[in-house]
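Have a look at the structure below before the remarks.
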Amino acid sequence: MTGVGVFGWSALTSAGEATSAAAASLPRSDAPVAPGTGTGGLPSESLPSPRGHVVPGFDIRARLGRKGTSTYDRATGLAVACCGDALGAAELAADADRGRVGVVLGTTIGSFRSTSDFSRETLVQEKPYLVNPMLFPNTVMNGAAGQVAIRHGLRGVNATVAGGALGFLNAVRYAEMVLAGGYADVMLAGAVEEFSAHRAWAAHLTGTTAEVPLGEAAAVFVLSAPRPPAWVGAAPVADLVTATGFGPGGTGTRALLACARRALDRAGVAPADITAVLTGEADEAGQDEYAAVAGLLHHRPRRVAAKRLLGECDAASAAAALAVWLADPEPAGPALLTARNADGAVAVAVVRRCADAGTGDR
């Protein structure tokens with residue numbers, strides 16, 4: 001199987017941390033959103049709905065300490081914590097060359113709350129608009145990825161990819177190209193979306209949470225070539241191969257199926273071997289995305305609809321779905337991870353646990 005190897009991963013979702021995100025243990029209904037009290041806590045502002053899928057008990061200072069975190073927004077805190085856990089899972093040695101370790105995070109627009117709060121300052125402060133400069137770093141989309149690099153001493157390629165529902169798979173694709181080009185030896189690829197009153201109201205007013213409540217999540221995967229540098233101590237967990245495409249004018253489904261074929265060919269995986277399809281759909285009744293892929297595969301594998309379990313996590317939905325699948329000890333065999341945007345952009349990944357293929361040892 002070509003592509004990249006996954007040597008460690010971590011996830012923060014409404015189901016909890018990392019392996020507690022197994023599909024069997026996920027809550028089937030959303031829980032009330034409790035107002036936050038500390039830095040990076042949940043919103044105390046008015047919400048369009050009292051319910052949502054949030055990371056339980058996550059507080060930035062309690063998790064990461066007070067030093068250097070006073071300006072973190074919730075998205076940054078989730079990303080920094082999740083990347084730290086993923087690095088730990090990959091067992092990087094003390095002498096690891098962190099100049100060869102990079103980060104790429106997928107997002108929709110970054111922290112909507114930080115951007116909105118900064119914009120509000122320009123309206124409510126007295127002229128010449130004495131905006132708090134400490135708010136500015138979080139208004140740029142690459143703020144979270146930058147803080148991850150600073151916190152964990154990563155001096156390799158650092159990037160942020162805005163792609164909506166494709167955010168995570170675009171980040172993985174970017175990481176693949178960085179590794180293939182020799183610009184880094186290890187890449188942390190993932191996605192993060194925070195829950196905030198600003199994002200909740202935006203989703204409510206645009207109707208994007210009509211099917212499922214809003215959610216938040218961070219999921220990060222440590223990627224490298226199948227034979228990583230010696231300072232990566234962990235054995236490979238999974239193999240990952242991606243393909244992206246674009247189908248304008250109502251041809252998105254055709255583009256999605258073409259991507260699935262390319263990903264399967266690159267991975268050397270037969271359609272009959274796929275045991276699960278991880279879709280970005282929220283509505284289980286429609287199953288348009290799943291039905292199209294199942295038609296290509298000529299059978300109906302198990303379906304993992306993470307949005308139904310974890311809420312609408314936008315760019316982090318696909319990453320959370322992959323975490324759900326990796327954390328579930330039951331199913332074996334490769335899976336397809338799919339995502340699509342309303343503009344016709346599509347992406348597919350083939351993922352296979354190394355244990356399933358007998359490639360867990362290096």
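Just a few scattered comments:
- Within the range 145-159, the only residue that satisfies the criterion of being modelled with pLDDT of 95 or more and polar (S, T, N, Q) is ASN158.
- Residues being farther than 18 Å from SER196 by Cα and open to solvent by less than 70 Å² (accessible area, probe 1.4 Å) - total across the range 109-131: 3
- Looking only at residues in the range 275-301 that are of a type in the set (D, E, K, R) and either at positive phi or open to solvent by 20 Å² or more (accessible area, probe 1.4 Å) (or both), the one that is modelled with the highest pLDDT is ARG300.
- Set VAL351, VAL304: member being modelled with pLDDT under 95, not basic (Lys, Arg) and not in a helix (DSSP H, G or I): VAL304
- In the range 216-251, the residue that is modelled with the lowest pLDDT out of those that are aromatic (Phe, Trp, Tyr) and out of contact with any Phe, Trp or Tyr (no Cβ under 8 Å at 6 or more places or on another chain) is PHE246.
- Selection within the range 243-281 - assigned to a helix (DSSP H, G or I) and of a type in the set (Val, Ile, Thr): THR253
- Residue satisfying all of: in the range 51-92; in a helix (DSSP H, G or I) and among the β-branched types (Val, Ile, Thr); farthest from ALA200 (Cα to Cα) among these: VAL80
- In the range 51-85, the qualifying residues are those that are polar (S, T, N, Q) and open to solvent by less than 30 Å² (accessible area, probe 1.4 Å), and the one that is farthest from ALA191 (Cα to Cα) is THR69.
- Options PRO35, PRO48: the member that is assigned to a loop (DSSP other than H, G, I, E, B), surrounded by fewer than 17 Cβ atoms within 10 Å (Cβ to Cβ) and modelled with pLDDT of 75 or more: PRO48
- Residue count, the range 154-190 (criterion: farther than 23 Å from ASP314 by Cβ and in contact with a Gly (Cβ under 7 Å, 6 or more places away or on another chain)): 6
- Some residue of the range 93-101 being of a type in the set (D, E, K, R) and under 22 Å from SER46 (Cα atoms): no
- Out of GLY106, GLY88, one residue alone is open to solvent by less than 70 Å² (accessible area, probe 1.4 Å), touching a Gly at 6+ places or on another chain (Cβ under 6 Å) and either on the phi > 0 side of the Ramachandran plot or not aromatic (Phe, Trp, Tyr) (or both). It is GLY106.
- When the range 170-219 is filtered for residues that are under 21 Å from ALA339 (Cα atoms), out of contact with any Lys or Arg (no Cβ under 6 Å at 6 or more places or on another chain) and of a type in the set (Val, Ile, Thr), the ones remaining, listed by number, are VAL172, VAL192, THR206, THR208, THR209.
- Boolean, ALA292 is among the aliphatic types (A, V, I, L, M), over 28 Å from VAL178 (Cα atoms), assigned to a helix (DSSP H, G or I) and free of Cβ contacts under 8 Å to residues at least 40 places away in the same chain: yes
- Restricting attention to the range 123-152, the residues that are over 30 Å from the mean Cα position of the chain (by Cα) and closer than 14 Å to GLY102 by Cβ total 0.
The values are calculated or read from the model by the stated rules, or taken from the named source; none is laboratory data. Worth saying up front: this structure is predicted, and the values here are computed from it rather than measured. With ideal geometry, Cβ positions are generated from the backbone for all residues, glycine too; neighbour counts draw on all protein chains shown. Just the protein is used for accessible areas: all its heavy atoms, side chains included, with ligands, DNA and RNA removed. Shrake-Rupley method; radii C 1.70, N 1.55, O 1.52, S 1.80 Å.
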